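Single-structure report; data block below.
Please treat every number below as a calculation from the coordinates, not as lab data. The structure presented is a predicted model; accordingly, all values stated were derived computationally and were not measured. No Cβ is skipped: glycine too gets one built from the backbone with ideal geometry, and neighbour counts run over all protein chains shown.
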Amino acid sequence: MKKLHIAMQALLSAGLVVGGTVGSAGLANAATAEAVSSVSLRESPSTSSDRIRYVDEGERLDILSEPNDYWYKVRDEDGRVGYVSSSDEYVDIIDSSSTAMRTSNGSAPSAPAPSVSASKLAQRIIDAGKDYLGTPYEFSSSRSSTRTFDCSDFVRQAFKDGARITLPSNSRAQGDYVKDRGETTTNWSRLKPGDLMFFMSYRGSSASDYKGLTKSKQRITHVSIYLGNGKMLHTYSKDSGGVRVDSIDNKHWEYRFMFGGSAL
């Protein structure tokens with residue numbers, strides 16, 4: 001599944017998007033989204049904007065553009081155009097055209113090439129992330145502030161600070177980004193420092209709670225940065241103290257782990 005953030009970047013590179021909107025030479029729609037919970041369809045990209053209506057869970061929306069990191073401009077099944085939150089708590093990208101994933105010369109989009117080795121860049125990302133140790137957790141935190149973080153916001157900020165790379169704004173889109181970059185692994189012990197780790201929802205603290213599950217069919221609900229030596233850097237709840245370092249081996253994190261890989 002290709003996420004809109006990467007698709008729109010490719011269209012921008014190809015000159016097919018003007019002002020965040022797909023032009024006539026581009027695709028009619030960059031992607032289709034499905035509401036995973038009830039969400040407000042608003043007249044403009046702001047929570048203070050008038051609500052057009054509530055979009056019900058399961059409804060599909062054509063995404064017309066991504067004006068910023070927090071909103072999608074969409075068209076509903078009745079043809080009404082408005083704005084919905086881009087948070088993965090409300091909408092999920094379920095389809096996007098492979099055409100949108102290509103630049104004008106036919107190549108797939110990529111992050112800026114680093115001027116230093118990948119290992120040094122990864123260490124810069126880790127160091128940048130550690131600067132936020134103890135920063136409070138907030139679900140669906142603002143992407144324009146570093147006063148609080150949720151898991152994907154924290155990872156995104158560490159990459160911005162350490163490598164000047166802007167990742168997608170939610171964990172599932174970050175997972176797709178990593179898959180698009182290259183090889184991934186379902187064995188966390190094969191990861192390198194700086195790699196991203198993706199996890200399914202918590203079902204219990206023992207391995208038996210996850211027995212028989214097909215991990216690849218689970219929904220990504222958490223992301224962290226692998227530090228090496230069986231430890232990871234992340235944030236996941238207010239009660240846990242915000243950004244912190246945790247061990248993986250024989251913990252529920254190991255049982256929840258879906259896949260990981262490099263975003264560099």
Simple label model, 7 Å out from Cα along Cβ direction - ARG147 to VAL81, nm: 3.5
Residues of the range 239-264 with amide N under 15 Å of the 7 Å Cα→Cβ point at ALA207: 248-257
Efficiency of FRET from Cβ geometry, ASP249 and GLN123, R₀ 25 Å, rounded to 0.05: 0.70
Percentage, to the nearest whole number, of Cα pairs in the range 157-255 over 24 Å apart: 20
Whichever lysines have a C-alpha closer than 24 Å to that of LYS215, once near sequence neighbours (fewer than 8 apart) are set aside: LYS2, LYS3, LYS179, LYS192, LYS231, LYS251
